[in-house]
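Okay, structure first, notes after.
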Amino acid sequence: MAKNIRMNAPLPDHDRARQLLHTMVLIRRFEEKCVELYSASKIRGFMHLYIGEEAVATGVIEQLQPDDAIVATYREHGQALAKGMSAGSIMAEMYGKVEGCARGRGGSMHLFDAKTRFCGGNAIVGGGLPLAVGLALADKMQNRKRVTVCFFGEGAVAEGEFHESMNLAALWQLPVLFLCENNLYAMGTALRLTESVTDIAKKGAAYNVESAAVDGMDLLAVSEAAAKAVAHVRECRPYLLECRTYRFRAHSMFDAELYRSKDEVTEWKKRDPITLFFEAMKAASVLSDADFEAVEKEVAKEVDDAVAFAEAGTWEPVSDLTRFVYSEGQRP
Amino acid sequence: MTFRDAVREGIRDAMRKDARVFLMGEDVGHYGGCFAVSKGLLAEFGPGRIRDTPLMESAFVGAGIGAALGGMKPIVEIMTCNFSLLALDQIMNTAATLLHMSGGQFNVPLVIRMATGGGKQLAAQHSHSLEGWYAHIPGIKVLTPATLEDGYGMLTSALNDPDPVLIFENQTLYNMEGEALVNPGAVDIAKARVRREGKDVSIFTYGASLNKSLDAAATLEKEGISVEVVDLRVLRPLDDATIMASVAKTHRVLIVDEGWRSGGISAEISARIMEQAFYELDKPVTRVCSAEVPMPYAKHLETAALPQVESIIAAIKQLVPDHG
Ligand SMILES: Cc1ncc(C[n+]2csc(CCOP(=O)(O)OP(=O)(O)O)c2C)c(N)n1
């Protein structure tokens, strides 16, 4: 279990705390609804849940500007929601409807949104890292002070792309934040079975990339660590932030979870990021039970609306199948 | 002027005209390019735009994709197509898919250049022709320049294209001499071109096999066989119209491809002729391809493995036995 390395972050005010709670609860309830809809066969394909890891996307993305970019993995519902993509467009995507954020071509693993600079869920482990480096290179070459955040699991650290990308970003001093969501398992293989050095933040040193590890269940700790990391990256220097977290659910919808014990999962659930955050806010009189109830109500409506939007959506005509293999008038 | 010079001029002019264009790859800067294509460009444009990369094909191709998404116009050079396999994931799973998978939101205006082909005794890890493989992939375009005009112009056109374009430069062409280009510019990257008119048989070919085919045609003319030579130029998308028009004219077909025969671009072209022009054929379609072996080092074996003027002539004589 991750050590509690909370950094005594300053207390948020009521509005910020409520907003953060809202984002985490939205991700949680949205995905719980997804599970229901998956069982009802409304959603198909591979679907990977973020439940348990909400504090990471919420805390990191809170520190970004609207025109900062995100490159994510197939486990990206949380990042997409936190970046401000509409729940309806995401749900419609999972339904495979043309109103979805990628016209139903991508599904759960491939959410895209040019407006919010959400540059995709990439389902090739490690595949997004070079892309993020390139986005950062373009920003640097055009003197833009934007940040690109690349989310990836600890499993991706074993891929060559991790090492190539860290090296290149450091060599060229590019504004990219490598955001490792260490949930201890790559599908069913534990980190200790795959890495000779399991302390991922340490790997930054090999490439001269400033790095830190943070308790990924502690929203305010993540947020504070991310603030520091993003400020560093904004000065055109890469950064590696390892968030130590845990997924409460199976890897995907097809996983008997033979590789970990129920007790381990139960232990981690005691550190549910939503509960941890809310209890701390309540104890500090920043949020009340009434706030939580109100948030739940708002979120329930958002999720219902998203489902209604997806249900009302339409199928892309088959005659459009070959559209966008090549561009239709996009200028280079 | 050589083919190498033509490509270099294409890069130089593009970089002078558009600040978004930059070149990156292994040894493109201080070394001057593995095949000396980019020689002198570092001095003119500096290390910010002529970027030497570490040995990381996957990452610098992926970075090219990202830079293209971020508004730049990268030219990524991969030393040879053999090494491009280390970047195949980025090319196929990202560059080729992004636009479609994002529902039309993220196009990738990326140009990737790489050397291809054999003939220089570089053996089995530096001599293969993989352009036909890449032509299998929807979402990218595959160009195979064989003339100075195309060496310059295809690069220019590729940079004007909103989607990923792969340019395969046959390594034996770099020293090819030609007339200096006058007012070179963009060329079409959609059409095949008839390089030599003929009436008895059509050769469909591209890259280094174009000159071999033209040499064979010149020899055969003296023997009374009139050979039409079509330079495919673009392997994806294939220009069916020009191919079928030539079939309808000569009724006999030889495909010359430096790639392997099985499952290659020659098989694809042959299948399309069956589908679209079967009743135009007087004889079955014939192919001269590379032998189905890893390319050997020894000169005589390598020569035997590659399409040659002699093997092209022999194949044509089989197709047109009743000449004279
Ligand atoms: C290149 C590649 N290899 C294997 C897979 C199959 N796969 C999908 S997710 C996954 C585990 C990745 O674990 P991690 O990076 O820790 O991310 P997590 O799923 O835990 O968020 C694997 C092996 C893949 N998608 N891509």
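The values are calculated or read from the model by the stated rules, or taken from the named source; none is laboratory data. Here the structure is a predicted model, which means the values were calculated and not measured. Heads up, the Cβs are rebuilt from the backbone with ideal geometry, glycines too, and the neighbour counts pull from every protein chain shown. Just so you know, the surface numbers come from the protein's heavy atoms only, side chains and all, with ligands and any DNA or RNA stripped out. Shrake-Rupley method; radii C 1.70, N 1.55, O 1.52, S 1.80 Å.
Reported to the nearest whole Å, the Cα centre-to-centre distance from segment A:193-222 to segment B:176-221 is 57.
Could you size up the charge dipole of segment A:259-332 around its Cα centre, putting +1 on the beta carbon of Lys and Arg and -1 on that of Asp and Glu, and report it in debye to the nearest 20? Show your work: numbers first, answer last.
Details: 10 positive and 17 negative charges, 76 e Å.
It comes to approximately 360 debye.
Mean residue ellipticity at 222 nm, helices only, chain B: -10000 deg cm²/dmol; runs of at least 4 DSSP H residues each add -39,500 (n - 2.57), and the sum is divided by the number of residues. This model, with +1 at the C-beta of Lys and Arg and -1 at the C-beta of Asp and Glu, gives segment B:193-319 a dipole about its Cα centre of some 100 debye.
So what's segment B:193-319 giving for Cα Rg divided by 2.2 N^0.38 Å, two decimals?
Working: Rg = 13.7 Å, N = 127, 2.2 N^0.38 = 13.9 Å.
In units of the 2.2 N^0.38 Å rule of thumb, it is 0.99.
For chain B, give the share of DSSP beta bridges that are antiparallel, in percent and rounded to the nearest 5; count only bridges with both residues there.
Values: 6 of 41 bridges.
Roughly 15 percent of the DSSP beta bridges within chain B come out antiparallel.
Kirkwood hydrodynamic radius computed over segment A:3-309 comes to 19.3 Å, based on all pairs of distinct alpha carbons. Cross-link pairs exceeding 24 Å between alpha carbons, from the set A:Lys228/A:Lys270; A:Lys97/B:Lys73; B:Lys120/B:Lys191; A:Lys83/A:Lys301: A:Lys228/A:Lys270; A:Lys97/B:Lys73; B:Lys120/B:Lys191. Averaged over the residues of peptide B:51-60, the number of Cβ atoms from other protein chains lying within 10 Å of each residue's Cβ is 6.
Given a 1.4 Å probe and the protein chains as shown, A:Phe309 ends up with an accessible area of around 90 Å².
Please give the average number of partner chain Cβ atoms lying within 10 Å of the Cβ of each residue in A:158-164, rounded to a whole number. Numbers along the way, then the final one.
Working: counts 0, 2, 5, 6, 1, 2, 11.
So the per-residue partner count for this stretch is 4.
When the protein assembly as shown is described by a simple charge dipole with +1 on each Lys and Arg Cβ and -1 on each Asp and Glu Cβ, the residue from A:Phe277, B:Leu42, A:Val303 located farthest towards its positive end is B:Leu42.
Taking all Cα pairs closer than 8 Å and separated by 6 or more residues, the relative contact order of chain B comes to 16 percent. Beta-bridge orientation, the protein assembly as shown: approximately 15 percent antiparallel, per DSSP, counting only bridges with both partners inside.
Close amide-amide hydrogen proximity is noted between B:Arg195 and B:Val229, B:Val230, B:Asp231, each under 5 Å apart and 5 or more residues distant or on a separate chain (H modeled in the peptide plane; Pro and chain starts excluded).
Whole-percent P(r), the protein assembly as shown, all Cα pairs, 10 Å bins from 0: 3, 15, 23, 22, 16, 11, 6, 3, 1, 0, 0. Sorting B:193-199, B:145-151, A:287-293, B:267-273 by their mean Cβ neighbour count within 10 Å, with the most densely packed peptide first, gives B:145-151, B:267-273, B:193-199, A:287-293.
Count Lys and Arg as plus one, Asp and Glu as minus one, and take only other residues whose Cβ is under 12 Å from that of A:Cys150; the net charge is then -4.
Let me know the shape class of segment B:3-173, please: from the alpha-carbon gyration tensor, a ≥ b ≥ c as square roots of the eigenvalues, rounded when a/c is under 1.5, otherwise prolate if a/b is greater than b/c, or oblate. Rounded, because the longest to shortest axis ratio a/c is under 1.5.
What does the net charge come to around B:Ile269 if you take all other residues with beta carbon closer than 10 Å to its beta carbon, with K and R at +1 and D and E at -1?
-1
Note on A:104-115: average number of Cβ atoms from other chains within 10 Å of each residue's Cβ is 3. Using Cβ point charges alone (K and R +1, D and E -1), the dipole size of chain B about the Cα centre works out to roughly 300 debye.
Over segment B:3-173, what is the relative contact order in percent, taking alpha-carbon pairs closer than 8 angstrom and at least six residues apart? Intermediate results must be reported in sequence, preceding the final value.
Working: 329 pairs, mean separation 41.6, N = 171.
Once divided by the residue count of segment B:3-173, the mean separation gives 24 percent.
With a cut-off of 14 Å between beta carbons, the residues surrounding B:Thr286 carry a summed charge of +2, where Lys and Arg count +1 and Asp and Glu -1.
Of all DSSP-defined beta bridges confined to segment A:3-309, some 10% are antiparallel rather than parallel. As a length-normalised measure over Cα pairs under 8 Å and 6 or more apart, the relative contact order of chain A settles at 24 percent.
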